[in-house]
């Protein structure tokens, strides 16, 4: 039973590998020209990859919860968790961004001839994720907040992009296949992960309302936003989380 959390960690790794496989299987038509307007058809397998990353994040939460519940924390589990996270929340979302960039350039004249070097910035995500996780592993200080953006949070933001492009309006789709917007997303997420910016943890370690006010400011709007905006709520809640953390950063020191 003590190995149960580690089995969940391996399931996290498995889901990350499946997400990568789905991302690579993009043999369908990405773009179709109707009249003078490009219509975007994201390959369904990219959206399945995004869902696998979401499932991996849920499993990642469960393995930590089980380890604390069963008092089964171990150095082996800590290292295994980080190695799994590099794949599920670093390499897999990096591959999604690689494919979105490929789609973005394919929409331009002679875009299919674009060098793969223009897609290479997507690899900043797994590099930043590995750096963030390695720094976390050697950090001996005990805080109630994060130092830099947690890797799963960055991956969920990325995973939401193909789902938003598939299920939301054409105008939003066009924004999400603009290479410069994608470059901006990559740079911001990578910078946030490797930074030492204090960001709040969403764990309720105290029961007082005042101590948990920043968390409530994120959690209370989340339900109506999810119901109204569906997948679009993910980046909005992400930005809200960053803003609230910055607003209350003096409490996190």
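The values are calculated or read from the model by the stated rules, or taken from the named source; none is laboratory data. Remember, predicted model here, so these are calculated numbers, not experimental data. Cβ placement follows ideal geometry from the backbone for every residue including glycine, while neighbour counts extend to all protein chains displayed.
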Does residue 251 qualify as being at pLDDT below 80, closer than 24 Å to residue 64 by Cβ, assigned to a helix (DSSP H, G or I) and not assigned by TED's automatic domain parsing to the domain that holds residue 82? yes
Give me the pairs, please: first residue somewhere in segment 14-34 and assigned by TED's automatic domain parsing to the domain that holds residue 91 and modelled with pLDDT under 75, second residue anywhere and part of a strand (DSSP E or B) and surrounded by 14 or more Cβ atoms within 10 Å (Cβ to Cβ), beta-carbon distance under 6 Å, and either six or more positions apart or on two chains. 31/38
If you check 97, 149, 161, which single one turns out to be crowded, with 23+ Cβ neighbours inside 10 Å and touching a strand residue (DSSP E or B) at 6+ places or on another chain (Cβ under 8 Å)? 149
If we scan segment 70-85, do we find a residue that is at pLDDT 90 or above, surrounded by fewer than 20 Cβ atoms within 10 Å (Cβ to Cβ) and closer than 19 Å to residue 194 by Cβ? yes
Exposed (fewer than 14 other Cβ atoms within 10 Å of the Cβ), part of a helix (DSSP H, G or I) and at pLDDT 75 or above, is that true of residue 61? yes
All positions within segment 168-182 that are at pLDDT below 80 and under 18 Å from the mean Cα position of the chain (by Cα): 176, 177
Counting only residues that are at pLDDT below 70 and surrounded by 15 or more Cβ atoms within 10 Å (Cβ to Cβ), how many does segment 108-123 have? 1
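So for segment 133-152 (the condition being in a helix (DSSP H, G or I) and closer than 20 Å to residue 240 by Cα), does at least one residue qualify? Outline the logic, then answer.
Taking segment 133-152 first, the residues in a helix (DSSP H, G or I) are 133-138, 151-152.
The next check asks that each one be closer than 20 Å to residue 240 by Cα; those that pass are 151-152.
Scanning segment 133-152 turns up at least one residue that is in a helix (DSSP H, G or I) and closer than 20 Å to residue 240 by Cα.
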Got a number for residues in segment 137-172 being under 18 Å from residue 79 (Cα atoms) and touching a helix residue (DSSP H, G or I) at 6+ places or on another chain (Cβ under 7 Å)? 3
Scanning segment 71-101 for residues that are free of Cβ contacts under 8 Å to residues at least 24 places away in the same chain and either assigned to a helix (DSSP H, G or I) or in contact with a helix residue (DSSP H, G or I) (Cβ under 6 Å, 6 or more places away or on another chain) (or both) gives 73, 75
I'm told residue 243 meets every condition in (1) modelled with pLDDT of 90 or more; (2) touching a strand residue (DSSP E or B) at 6+ places or on another chain (Cβ under 8 Å) except one. Can you identify the failing condition by its number? (2)
Of the residues 162, 152, 221, 214, which single one is outside the structural domain of residue 93 (by TED's automatic domain parsing) and either within 20 Å of residue 49 (Cβ to Cβ) or at pLDDT below 90 (or both)? 214
